[in-house]
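The values are calculated or read from the model by the stated rules, or taken from the named source; none is laboratory data. Keep in mind that this is a model prediction, so the values were computed, not measured. Methodologically, a virtual Cβ is constructed for each residue, glycine included, from the backbone with ideal geometry; neighbour enumeration extends over all protein chains shown.
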Amino acid sequence: MSKEQKRVAFFTKSPEETLDLVDSKLEGLSTAQAQERLAQFGANELDEGKKKTLLQKFLEQFKDLMIIILLIAAVLSVVTSGGEDIADALIILAVVVINALFGVYQEGKAEEAIEALKNMSTPAARVLRDGNVTEISSKDLVPGDIVLLEAGDVVPADMRLLEANSLKIEEAALTGESVPVEKDLSVSLAEDAGIGDRINMAFQNSNVTYGRGMGVVVHTGMYTEVGHIAGMLQNADETATPLKENLNQLSKFLTFAILGIAAVTFVVGVVFRGQPWLEGLMTAVALAVAAIPEGLPAIVTIVLALGTQVLAKRNAIVRNLPAVETLGSTEIIASDKTGTLTMNKMTVEKVFYDGVLHDAKDELALGLDLPVLRSVVLANDTKMDAEGNLIGDPTETAFIQYALDKNLDVTAYLEKFPRVAELPFDSDRKLMSTVHPLEDGRFLVAVKGAPDQLLKRCISRDKAGEVAPIDEATSQLIAQNNSAMAKEALRVLAGAYKIIEAIPEELTSENLESDLIFTGLIGMIDPERAEAAEAVRVAKEAGIRPIMITGDHQDTAEAIAKRLGIIDPTDTEDHVLTGAELNELSDAEFEKVVGQYSVYARVSPEHKVRIVKAWQNQGKVVAMTGDGVNDAPALKTADIGIGMGITGTEVSKGASDMVLADDNFATIIVAVEEGRKVFSNIQKTIQYLLSANTAEVLTIFLATLFGWDVLEPVHLLWINLVTDTFPAIALGVEPAEPGVMQHKPRGRNSSFFSGGVLSSIIYQGILQGLLVLAVYWYAIQNPVHAGSEAIHADALTMAFATLGLIQLVHAFNVKSVYQSVFTVGPFKSKTFNWSIVVSFVLLASTIVVKPLEKIFHVTELNLEQWTVVIIGSILMLVIVEVVKWIQRRMGLDKNAI
């Protein structure tokens, strides 16, 4: 063999040809051969790619446009002050570094969480080495190794099967199909056979649920089907999140706005006021620096980080900070069926016996002595581990679990009727029979299997203990109930039995499975999660469209979709599309009809990517859930990929932005609500900071026109540090506004300025600036002290106090864009209340504490002056409340998202 593992269609080769191609034999490899091949091909593990160093992660945090603007502002603030005033620069640099550290910390924290989840599934393998059976780590497997498989094993590599004794393997990780695949070595396969049809192969990370088998390893590591799909991830498109797009839009807006402010200020100063051009330039730059909300990146990061903590407590582990907000804008949730919307556990739902169809919840009068239950419990290979977990084929474990749920002592019953002979299940007969001794010396033959095959062998039926021949009416009744359960997408098995005097010397189907007595039918399904239907309802109410994408069969997928409400049961239109039908549509044709379908069945990894892209091309924000390797490319392509923590494969978790620790669809809806709250709170923070900065810029700009000296740099610095920071952070952790899940998603085209935020920033910023200037003008016109310097000092102090206090009052306005502060609750959040109190104390202390007066260039104010300051500040709340009332009367709040 070459250094590269051969890409051969081994499923088309015979066992002998396969052994020859991988240079192996039935006795397995020797230790020396295995070591040589391990050095040649490498460990049997997926390539996780080159990990970033801590320094690389730190430097990547500085790529954002907003961060670049802040760094430029820091340099300009030092240059314009001649290097003397570096306080602004130090604050900006501190904010930028803290923001970067938050990003690095969160990325490292997420990697630890994902690594812990990956370690949940590291299987061992039983192989033939030197002719002996030995257990080794799956990482040490090499092509040519002979591996033994039995129920409960995780397939450790891709193998061509050499033996298959009633072998069934659950391959949902690759195909999404919930029912185990029955393996068959005799089938001749074409080279274009899909993974789900390669029934003579066993694939890495799939689970053996029944029977025994043996195979030769043909591919390991990145050459397995798991590794092949993992390789697709390198070429998968990674979509920028709406949050990143919005922050980029905001950064561009601020860049142009700040450049405009600087240009106008320079022109006014130099042209209209006759300032020297250098002085005018320095003034313009200083004003532009004041316009930058330097705390915004850190506050956004803090809000997102706090959101990740909330979600972690609700079983959602966030890998990328922006993912917290992305779910809030999600319009489409494409969910896998098995394990996310359903329990991933076959469950008995209907039981037909004594001529009547019973619900699984109904009482069983005879318990395990009920003939139909006795048949499926005795003809059953389920095992129970030390923790009480059932191990085996999902169909068989469903029967045992059904009996256990009825509080029946299955263990004692099996001890009472031990198995003394059996005919194992095979794909030709589709039956399984076991023989058990009775107290009178005779033997009970318990049989279960496919209804069509079993009924051919039945001559009688057992009805309430009475055995009678099967007549035409009975046959029709059985057929009707079998059909009724099948239409509900239930998997139906039949039970039968007979009493024999002695065990035949030769166990054959002819002498053991003939002249049977029919006992009944049992219908099973992988049921929907109890909370999933409610989660689907809430999602629809929130304007989110849930769609189901599964590798399972069309009928099963459609039935579950109707039970969950994804498809309206009364709707007669076709809302299900299969992978084969999707293949017949071009991308352009599919995009035209994508809105018609809510369920996709029997799909491949490529189909899932096409579905996600089709919705994205419609301008929708798409979330995709998945647990299998086949989901990984779509998870990476989606706006937000959501992996499963319990059943998820390593590749699917690695491709996800968020991992659900409980694999529950309802947890996604919790995350959506948190995401909407996070976006709303970031919007409030932006509204608060930009309206405050607008006020500061407008105040200084107009004062410059009037020739007033309203505020000094130290005043702006202190206000930005105190009144901007604490209330802004508090607004970022506000409780969700009522009805957050009753409106439509904001979508990809909205921004931080949508929903009335931009207009609010403008008029509220102007209003703050005018009120501050009004107080300054009042102080000049109504002096308390004599002398121009004293009058100016009082007016300066009152303007400083008003600007600071008015921003604290304005924080109450920002709790909602349109709703009254008294409706949303002015004092609802303790964090917000304390932020206002602390900020007010720090602001007031600069005026009332004597040693601070000189530092801040302020004077002591009397009661009359404080009254004017307070009235000017409170007017901000009153006027905004009036404007909001007018806006609500005009219906503007109805159009807000």
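Things worth noting here:
- Residue selected from the stretch 362-409 under the condition part of a helix (DSSP H, G or I) and surrounded by fewer than 19 Cβ atoms within 10 Å (Cβ to Cβ), by the criterion nearest to the chain's Cα centre (by Cα): GLN401
- Filtered by the rule that a residue be among the small types (Gly, Ala, Ser) and under 11 Å from the mean Cα position of the chain (by Cα), the stretch 308-345 gives ALA316, ALA323, ALA334, SER335.
- Scanning the stretch 339-355 for residues that are hydrophobic (A, V, I, L, M, F, W, C) and at pLDDT below 95 turns up LEU341, MET343, MET346.
- Failed item, numbered, when ASP192 is tested on (1) closer than 16 Å to ALA9 by Cα; (2) not in a loop (DSSP other than H, G, I, E, B): (2)
- Test: residue in the stretch 453-460 that is modelled with pLDDT under 95, surrounded by 12 or more Cβ atoms within 10 Å (Cβ to Cβ) and touching a Lys or Arg at 6+ places or on another chain (Cβ under 9 Å): yes
- Members of the stretch 781-794 that are part of a helix (DSSP H, G or I) and either within 50 Å of the chain's Cα centre (by Cα) or in contact (Cβ under 8 Å) with a residue 60 or more places away in the chain (or both): ALA790, HIS792, ALA793, ASP794
- Against the conditions (1) hydrophobic (A, V, I, L, M, F, W, C); (2) at positive phi; (3) without any contact (Cβ under 8 Å) to a residue 12 or more places away in the chain, ALA464 satisfies every one except (3).
- Residue within the stretch 579-593 that is surrounded by fewer than 24 Cβ atoms within 10 Å (Cβ to Cβ) and touching a Ser or Thr at 6+ places or on another chain (Cβ under 7 Å) present: yes
- The listed residue being at negative phi, at pLDDT 85 or above and either of a type in the set (A, V, I, L, M, F, W, C) or out of contact with any Leu (no Cβ under 8 Å at 6 or more places or on another chain) (or both), out of ILE668, ILE700: ILE668
- Which listed residue is outside the structural domain of THR831 (by TED's automatic domain parsing) and among the hydrophobic types (A, V, I, L, M, F, W, C), from ALA730, ALA666, ALA736: ALA666
- Subset of the stretch 126-136 (residues that are modelled with pLDDT of 90 or more and not β-branched (Val, Ile, Thr)): ARG126, LEU128, ARG129, ASP130, ASN132, GLU135
- Checking each residue in the stretch 792-851 for being farther than 20 Å from TRP866 by Cβ, out of contact with any helix residue (DSSP H, G or I) (no Cβ under 9 Å at 6 or more places or on another chain) and of a type in the set (A, V, I, L, M, F, W, C) picks out only VAL824.
One line per residue, one yes/no per condition, for (1) of a type in the set (Gly, Ala, Ser); (2) outside the structural domain of HIS715 (by TED's automatic domain parsing); (3) without any contact (Cβ under 8 Å) to a residue 12 or more places away in the chain:
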residue	(1), (2), (3)
ALA801	yes, no, no
LEU808	no, no, no
VAL817	no, no, no
VAL821	no, no, no
LYS828	no, no, no
SER835	yes, no, no
VAL848	no, no, no
THR859	no, no, no
LEU863	no, no, yes
